[in-house]
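Asks: Here it is: the structure, laid out below.
The values are calculated or read from the model by the stated rules, or taken from the named source; none is laboratory data. Because the structure is a prediction, the values reported are computed rather than measured. Reconstructed Cβ throughout: ideal geometry from the backbone, glycine too, with neighbour counts over all protein chains shown. With ligands, DNA and RNA removed, areas are computed over all heavy atoms of the protein, side chains included. Shrake-Rupley method; radii C 1.70, N 1.55, O 1.52, S 1.80 Å.
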2 protein chains.
Amino acid sequence: MTTRIVELRKGILKKNDELAAGLRGRYGQAGVLVLNLVSSPGTGKTAFLERTLRELRGRGARVAALVGDLETDNDARRLAASGAPVRQINTHGICHLDAEMIDKHLADWEGVELGGLDYLFIENVGNLVCPSSYDLGEKVRVALLSVTEGEDKPLKYPTLFNSADAAVITKMDLAEPCGFDRELALRNINEIRPGIRIFETSSKTGAGMGKWLDYLAAERAGGDLGSGKR
Amino acid sequence: MTTRIVELRKGILKKNDELAAGLRGRYGQAGVLVLNLVSSPGTGKTAFLERTLRELRGRGARVAALVGDLETDNDARRLAASGAPVRQINTHGICHLDAEMIDKHLADWEGVELGGLDYLFIENVGNLVCPSSYDLGEKVRVALLSVTEGEDKPLKYPTLFNSADAAVITKMDLAEPCGFDRELALRNINEIRPGIRIFETSSKTGAGMGKWLDYLAAERAGGDLGSGKR
């Protein structure tokens, strides 16, 4: 039975990769930088994304977000406070987003066209395991980690950090009460993904957001928005 | 393809349920209370369990722990500081424990016999989704949630909280700097699982541990250790 499952899973991932390649091509033609944000539940993805959307809009950028959750539209409602168009994807029990869900929700998103966007953010379902296997056609995969979670997460969930293009440490305002060991966290991230760009941020105080937004602008200006390959 | 996956998954879960029923019977015969701890990565399961093991040993109880992780034996090494026998289960990419893994690791655990234990704790892989589907034969499933994660987790991951027998809120020492809304968290947990026992704890200060240990003793004394059914 296990062999059949593995074969079927391979088939599903192959189909996902094909759909993701199509999405990647469309993102490139539209000139939109697409990011896929992955972390545990509770890392603070939504707060970080809400602030990112708001500050990018403040800089005059055209932004939108798709947000995945098993249930509820809490996150979409929170993100909508940024003023950006936001669409909730409820997966009803599936613990990750896949390329087909993205394709479907882009197809009938009223008032939003890829060609009218500079940045599209995809907030994945909170899960450190399964989202790593599903390419969504994004150019930049972002692994988030909060100071409250423990510095050894990169070692315990290597696939996620190893497939990420950037790492964001969130809730830096809580570093001291949490006894966060910054050097150890940076060392562990670098052990799994040597040389990865790391941003130390607080969505509450705004610390580190400037460098993060500059990075986004540079990634977008760097072109090849549809040429990446996972 | 999706239909075939669903059928295969049903078969896997059925086989797991059969194995779990066998485990449950053995736990009952041995007179050991078995608990399955489930939460996000970073909720503080390991710190909470380490303190629980240590304090139970201080009360003269015979305790042991199995701990699941994708990779590393960090958690087993941390838990071993309690003085209790601890065994690491590395799942190598599988995002939950299953009854077969438990059965296998119990079978050749040198120096540990179910009959010589009062309590066996199973720390599941950090994941709020998949562990809910896999019965490990435990009498008590414990859903943990930290004050740093956001009060709406029970609404967003209803299956886990709905299948839990007890809820533990961790890191209460951080409630104030995190702006934790206690009333909202309790309301959300009760909405998904009305009347569930909730423990508010801090592994750092020891707050709430007394009530938790009393609950464990009462569950054990209550008998029927092998008669539960999920």
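Asks: Compute for chains A and B the buried accessible surface, both sides summed, probe 1.4 Å, and express it in Å² to the nearest 100.
Replies: Details: alone 10690 and 10690 Å², together 18480 Å².
Answer for the A-B pair: about 2900 Å² buried.
Asks: Right, here's the next one. Could you tally the net charge around residue B:151, taking each other residue with its Cβ under 14 Å from the Cβ of residue B:151, Lys/Arg +1 and Asp/Glu -1?
Replies: Net of charged neighbours comes to -1.
Asks: Just to confirm, what accessible area per residue do you get for segment A:116-199 at 1.4 Å probe, in whole Å²?
Replies: Values: 2470 Å² over 84 residues.
Here the residues of segment A:116-199 average 29 Å² of exposed surface.
Asks: Can you give the Kirkwood hydrodynamic radius for the protein assembly as shown, in Å, rounded to one decimal and based on Cα pairs? Present the calculation step by step, with values, prior to reporting the outcome.
Replies: Details: mean 1/r = 0.0436 Å⁻¹.
Taking the inverse mean of 1/r over all distinct Cα pairs, the protein assembly as shown comes out at 22.9 Å.
Asks: In whole Hz, with x marking every Gly and Pro, tabulate ³J(HN,Hα) for segment A:28-39 from phi via Karplus 6.51 cos²θ - 1.76 cosθ + 1.60, θ = phi - 60°.
Replies: Result, rounded to whole Hz: x, 4, 7, x, 10, 7, 10, 10, 10, 9, 10, 5.
Asks: Using amide H atoms built 1.01 Å from N in the peptide plane, name the residues 5+ places from residue B:200, or on other chains, whose amide H lies under 5 Å from its own.
Replies: Correct list: B:169.
Asks: Which residue, chosen from A:119, A:221, A:166, occupies the Cα position most advanced towards the positive end of the dipole of chain A, where the dipole is computed from +1 (Lys, Arg) and -1 (Asp, Glu) charges on Cβ about the Cα centre?
Replies: A:221
Asks: While we're looking at this one, here's another question. Which distances, in nm and shortest first, link the residue A:57 label point to the same label point in every other copy, taking 7 Å along Cα→Cβ?
Replies: Residue A:57 label point versus its equivalents elsewhere: 5.4 nm.
Asks: Which three semi-axes in whole Å describe the equivalent ellipsoid of segment B:110-171, each the square root of 5 times a Cα gyration tensor eigenvalue, listed largest first? Intermediate results must be reported in sequence, preceding the final value.
Replies: On the way: eigenvalues 133, 35, 20 Å².
For segment B:110-171, the ellipsoid semi-axes come out as 26, 13, 10 Å.
Asks: Sticking with this one: Would you work out the charge dipole size for segment B:2-221 about its Cα centre, treating the Cβ of every Lys and Arg as +1 and the Cβ of every Asp and Glu as -1, and quote it to the nearest 20 debye? Before the final figure, lay out the partial values.
Replies: Numbers: 29 positive and 31 negative charges, 52 e Å.
In total the dipole reaches around 260 debye.
Asks: Provide a whole-number value for the mean count of partner chain Cβ atoms within 10 Å of the Cβ atoms in peptide B:147-155. Walk me through the numbers before you get to the answer.
Replies: Details: counts 2, 10, 9, 9, 0, 8, 3, 0, 5.
Per residue, the average neighbour count from other chains is 5.
Asks: Rg to Rh ratio, segment B:2-221, alpha-carbon atoms and Kirkwood radius? If you can, show how the numbers build up before the last one.
Replies: Working: Rg = 16.8 Å, Rh = 17.7 Å.
We get a ratio of 0.95 for segment B:2-221.
Asks: Something else now. Please list, in chain and number order, the residues 5+ apart from residue B:89 or on another chain whose amide H is under 5 Å from its amide H, with Hs placed from the backbone.
Replies: Under 5 Å from the amide H of residue B:89: B:67, B:68, B:69.
Asks: Taking a temperature of 20 °C and a viscosity of 1.002 mPa s, what whole-number D in µm²/s does Stokes-Einstein yield for segment B:67-113 with Rh from Kirkwood over alpha carbon pairs?
Replies: My calculation gives 189 µm²/s for D.
Asks: With the label 7 angstrom out along Cα to Cβ, how close does residue B:195 come to the same site in each of the other copies, in nm, nearest first?
Replies: 6.1
Asks: May I ask you to report, in nm to one decimal and beginning with the shortest, the distances from residue B:108 to the same position in the other copies, taking label points 7 Å along Cα-to-Cβ?
Replies: Going from nearest to farthest copy, the values are 5.4 nm.
Asks: If you count only protein heavy atoms and use a 1.4 Å probe, how large is the accessible surface of residue A:214, to the nearest 10 Å²?
Replies: 90
Asks: If the elastic network links every pair of Cα atoms under 10 Å, which of B:205, B:148, B:52 fluctuates the most in the Gaussian network model of chain B?
Replies: B:205
Asks: Quick one: pull the percent of accessible area on segment A:61-175 belonging to carbon and sulfur, 1.4 Å probe, ligands and nucleic acids left out. Don't jump to the answer; show the numbers that get you there.
Replies: Values: 1590 of 3400 Å².
Carbon with sulfur: 47 percent of the solvent-accessible area.
Asks: Another one. What's the center-to-center distance, using Cα atoms, between segment A:42-111 and segment B:156-230 in Å?
Replies: Here the two parts' Cα centres lie 31 Å apart.
Asks: Partner chain Cβ atoms within 10 Å, averaged over the residues of B:69-75 - can you pull that number for me? Provide the component values of the computation, followed by the final result.
Replies: Numbers: counts 4, 8, 5, 5, 0, 4, 3.
That works out to 4 on average.
Asks: All other residues with a Cβ under 14 Å from the Cβ of residue B:91 taken together, and with Lys, Arg as +1 and Asp, Glu as -1, what is their net charge? List each step's numbers first, then the result.
Replies: Details: positive: A:156, B:87, B:104; negative: B:69, B:71, B:73, B:75, B:98, B:100, B:123.
Once positives and negatives cancel, what remains is -4.
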